[in-house]
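First up is the structure itself, then whatever we jot down about it.
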Amino acid sequence: MSDLLRMTGMYSGMDTEAIIQQMLQAKAQKVTNLKNDQKKLEWKQTLWQDLNKRIYKLYTGTLSNMRLTGSYAKKKTTVSDPTKATITASEGAVNGIQTLKINKLAKAGYLTGATVSMKRKGDVPIYSDEKVNDSLDGVTPADKEQYMKEFGSEKTLEDLGVGDGTLTVTANGKTFTVDAKKEDSIKDFIQKFNDAAAAATGGAVDIKMEYNKGKITVSGTDADAGFKMSSSAPEGSNKTILQGLGLADASENQTGTFIGHMITEKGDIYLPGDFKNHSEKDKDYKAKVSDITPDLVGKKLRLTVGTGADAKVTTVEITADMEIGTLTSKLSEGGVKASFDEQNQRFFISSTGTGNKNEFKLEGLDENNRTDDSALIDLGLLAGHKYGNGSESTRIEGQDAEIILNGAKFTSDTNTITVNGLSVTASAETDEEITITTDTDYDGIYDMIKDFITEYNDIMNEMTRLYGANSSRKYTMLSDEEKEAMTEDEVEKWEGTIKDSLLRRDKDLNAVIECMRGAVNKGYDIGGQTLFLVNFGVGTGSYFETEKGERNALHIFGDSDDDKFSDKENDLKAAIAKNPDQVIELFAAVSKDMYNSLQKTMASTDYRSIYKVYDDKRMKIDYDNYTKKIKEEEKKLNAYEDKWYKKFSAMEVALSKLQSSQNSLASMLGQ
């Protein structure tokens, strides 16, 4: 429509808009017809594109495969214990019975860390049941009680944080001193104490010191007699002798027997960890490795993935500001899957796949690259190590699968091993040999032919339906006004009738039908005999037994899935069992003939692209021509419309001038 400014009927009182639109109808209908013809061509292109896609799939897939006799060499296998292995056989597998033993399954390596604790320096007891139990190897039952009693007494005063000094003791009115050396063990010091006490009394013992399970007991021989002890912190020591021995309270007057506190030494204490990102106090905080213990700074982890020349080695140095997430990322870059579980406070490391080639080794190193397990211990990653918080790090070694097939050993980094046409997927180790039975898969051959016929029928029935569709001559393209007056279902049904008729009696469609139908209906020389598909129970139904659109479809007579002919004898299945090679040769010949015929039909021409069964180039040209014609006719229509609007506008101007003159004359006469 033109964009000109229009004056319509202002002075004439005529509905010039309606008059002009009536004058335009004939020319506008020409544009509408062109657009309708282009739309039908577009629908026709869509129909052909869908059909061509299905035919091309049949050509490149099923026909390309079935034209080769080797494709029919189907094998099936059974295994005596399907819980241990799954077996599939390719066409190269040998028929017969074979033996299989599964020695190992392929595994991925896993390192599950212990619960990580916060390690800090502090005073720790020299005696605990856990420490004793961890050291009982080699101790006989007869010696166990004495061993437990004396456990820890070998610790030196220096271990307890005490240096050289003197202990002063007053007992039963007598005073003596005990010289302590930092290298003295607790046991040695107790002996010094008791010797000094005996010497001070001329052999009579007024006071005695004993050790039992981490505590020292001081006893006076007279229950009513008192005693007291004193000592100062030796130079360079932060503890007095009494404090170091758990006897600080014995500095006051004591009577009877005094039992000291548990003796402690300087060591590592472990506090519950809470290493998380985005804490409640600081939303931007990210947990650092050094939060676990500052001792980790400067330590290194060496990760080795794989073995031999193909091994990949990655060394990660822990820095003061390294985040836990950065550590796991660097390990992951080294060829493993590494993560830290904030909920469980554990590191998890696993190989990226099964087998030896994916197995990993994680080592701790000190600042000088010497082996040092301390970093692994602090991170909870030393396999088998028992931690004070009760958790333990566990390790599963990665390994290759190993099977013995017919007495020969085979290994693989996965649980699937392919040997001479057999694909063995191991699922459990076996104590004894199991058997594998391989035979020709007659059902597989039958199913292959059945799948081909199903695909052929889907395409053939669609082409037959479109070629023999009813005429839609009485159905015109709907205008926008007509569509608005109809329901969506009515519009869809109307346009569907037109679409279905677009390939009615189409010569290109008929050529494809004859190409495919000719291949399945002709006879082929097989071993000196001319054989047809019908000789093996495959053919079309009679005119009266089949629907109009299915009269070119093939049926396997006697097939249980065929609604019309399932009650007949299944000659195809019987023929495959009796002489599979003959059946294979026939269907290979049919497939090859259809393949070659379609190849010729889909050859490139001036009007057809390669691998197309219709003239797609010509249709593209026709579509573009419609677009050009529509633009030309719309331009003519707009010009025609503008011409008449100009004429009517000129008439309105003339009437305006006439009315102005009449008004002027009337005004003059009125004077």
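Miscellaneous remarks
- Considering Gly335, Gly267, the condition of being in contact (Cβ under 8 Å) with a residue 12 or more places away in the chain, under 30 Å from Leu242 (Cα atoms) and in contact with a strand residue (DSSP E or B) (Cβ under 9 Å, 6 or more places away or on another chain) is satisfied by Gly267 alone.
- For the stretch 482-496, the criterion of a residue being open to solvent by 40 Å² or more (accessible area, probe 1.4 Å) and either in contact with a strand residue (DSSP E or B) (Cβ under 8 Å, 6 or more places away or on another chain) or touching a residue at least 24 places away in the same chain (Cβ under 8 Å) (or both) is satisfied by no position.
- Scanning the stretch 522-545 for residues that are in a strand (DSSP E or B) and of a type in the set (A, V, I, L, M, F, W, C) returns Ile526, Leu531, Val538.
- Some residue of the stretch 424-446 being within 37 Å of the chain's Cα centre (by Cα), among the charged types (D, E, K, R) and not in a loop (DSSP other than H, G, I, E, B): yes
- Those residues of the stretch 284-301 which are assigned to a loop (DSSP other than H, G, I, E, B), open to solvent by 10 Å² or more (accessible area, probe 1.4 Å) and not hydrophobic (A, V, I, L, M, F, W, C), in sequence order: Asp284, Tyr285, Lys286, Gly298, Lys299
- Entirely in the stretch 306-362, the strands (runs of 3 or more DSSP E) that have 3 or more residues that are buried (at least 16 other Cβ atoms within 10 Å of the Cβ): 336-341, 346-351
- Complete set of residues in the stretch 162-203 that are part of a loop (DSSP other than H, G, I, E, B), of a type in the set (Gly, Ala, Ser) and more than 20 Å from Phe258 (Cβ to Cβ): Gly163, Gly202, Gly203
- For Asp372: the one exception among (1) surrounded by 15 or more Cβ atoms within 10 Å (Cβ to Cβ); (2) under 33 Å from the mean Cα position of the chain (by Cα): (2)
- Residue count for the stretch 514-553, restricted to those that are open to solvent by 30 Å² or more (accessible area, probe 1.4 Å) and among the aromatic types (Phe, Trp, Tyr): 3.
- Pairing residues of the stretch 499-514 that are within 16 Å of Asp615 (Cα to Cα) with residues that are assigned to a helix (DSSP H, G or I) and charged (D, E, K, R), at Cβ distances under 6 Å and at least 6 apart in sequence or on separate chains, gives Leu502/Lys44.
- The listed residues are Asp159, Asp137, and the only one of them that is open to solvent by 20 Å² or more (accessible area, probe 1.4 Å), assigned to a loop (DSSP other than H, G, I, E, B) and under 15 Å from Met262 (Cα atoms) turns out to be Asp159.
- Residue that is modelled with the lowest pLDDT, among those in the stretch 215-240 that are charged (D, E, K, R), in a loop (DSSP other than H, G, I, E, B) and more than 19 Å from Ile263 (Cβ to Cβ): Asp224
- Here Asn552 passes the criteria (1) out of contact with any helix residue (DSSP H, G or I) (no Cβ under 9 Å at 6 or more places or on another chain); (2) in a loop (DSSP other than H, G, I, E, B) except the one numbered (1).
- For the residues Lys131, Lys121, the requirement of being open to solvent by 80 Å² or more (accessible area, probe 1.4 Å), within 30 Å of Gly380 (Cβ to Cβ) and within 47 Å of the chain's Cα centre (by Cα) singles out Lys121.
- Residues in the stretch 594-647 that are among the hydrophobic types (A, V, I, L, M, F, W, C), surrounded by 17 or more Cβ atoms within 10 Å (Cβ to Cβ), farther than 30 Å from Leu63 by Cβ and at pLDDT 80 or above: Ile630 only.
- Top-ranked residue of the stretch 253-273 - restricted to ones that are open to solvent by less than 50 Å² (accessible area, probe 1.4 Å) and assigned to a loop (DSSP other than H, G, I, E, B), ranked as nearest to Glu210 (Cα to Cα): Gly260
- Check on Asp581, of a type in the set (Asp, Glu), modelled with pLDDT under 95, more than 26 Å from Trp48 (Cα to Cα) and open to solvent by less than 50 Å² (accessible area, probe 1.4 Å): no
- In the stretch 473-494, the condition of being among the small types (Gly, Ala, Ser) and within 30 Å of Tyr595 (Cα to Cα) is met by no residue.
- Those residues of the stretch 188-209 which are among the charged types (D, E, K, R) and in contact with a helix residue (DSSP H, G or I) (Cβ under 7 Å, 6 or more places away or on another chain), in sequence order: Asp206, Lys208
- Taken as a whole, the stretch 105-124 holds no residue that is in contact (Cβ under 8 Å) with a residue 24 or more places away in the chain, part of a loop (DSSP other than H, G, I, E, B) and farther than 30 Å from Lys361 by Cβ.
- All told, Val139 falls short of being more than 28 Å from Ile292 (Cα to Cα) and either of a type in the set (S, T, N, Q) or in contact with a Gly (Cβ under 6 Å, 6 or more places away or on another chain) (or both).
- Qualifying residue in the stretch 84-94 (condition: under 30 Å from Thr411 (Cβ atoms), without any contact (Cβ under 8 Å) to a residue 24 or more places away in the chain and surrounded by fewer than 15 Cβ atoms within 10 Å (Cβ to Cβ)): no
- Qualifying residue in the stretch 448-462 (condition: open to solvent by 80 Å² or more (accessible area, probe 1.4 Å) and of a type outside the set (D, E, K, R)): no
- Filter result (part of a loop (DSSP other than H, G, I, E, B) and surrounded by fewer than 18 Cβ atoms within 10 Å (Cβ to Cβ)) within the stretch 143-154: Glu154
- Extreme residue, surrounded by the most Cβ atoms within 10 Å (Cβ to Cβ), among residues of the stretch 241-252 that are of a type outside the set (A, V, I, L, M) and modelled with pLDDT of 75 or more: Gly244
- Residue in the stretch 107-116 that is modelled with pLDDT under 85, open to solvent by 30 Å² or more (accessible area, probe 1.4 Å) and out of contact with any helix residue (DSSP H, G or I) (no Cβ under 8 Å at 6 or more places or on another chain) present: no
- Pairs with Cβ under 6 Å, 6+ apart, first in the stretch 421-446 and within 13 Å of Thr83 (Cβ to Cβ), second among the polar types (S, T, N, Q): Thr425/Thr86; Thr425/Asn415; Thr425/Thr416; Ala426/Asn415; Ile434/Ser80
The values are calculated or read from the model by the stated rules, or taken from the named source; none is laboratory data. Everything numeric in this text was worked out from a predicted model, so none of it was measured. Because the Cβ atoms are built from the backbone with ideal geometry, glycine has one as well, and the counts that use them run over all protein chains shown. For accessibility, only protein heavy atoms count, side chains too; no ligands or nucleic acids. Shrake-Rupley method; radii C 1.70, N 1.55, O 1.52, S 1.80 Å.
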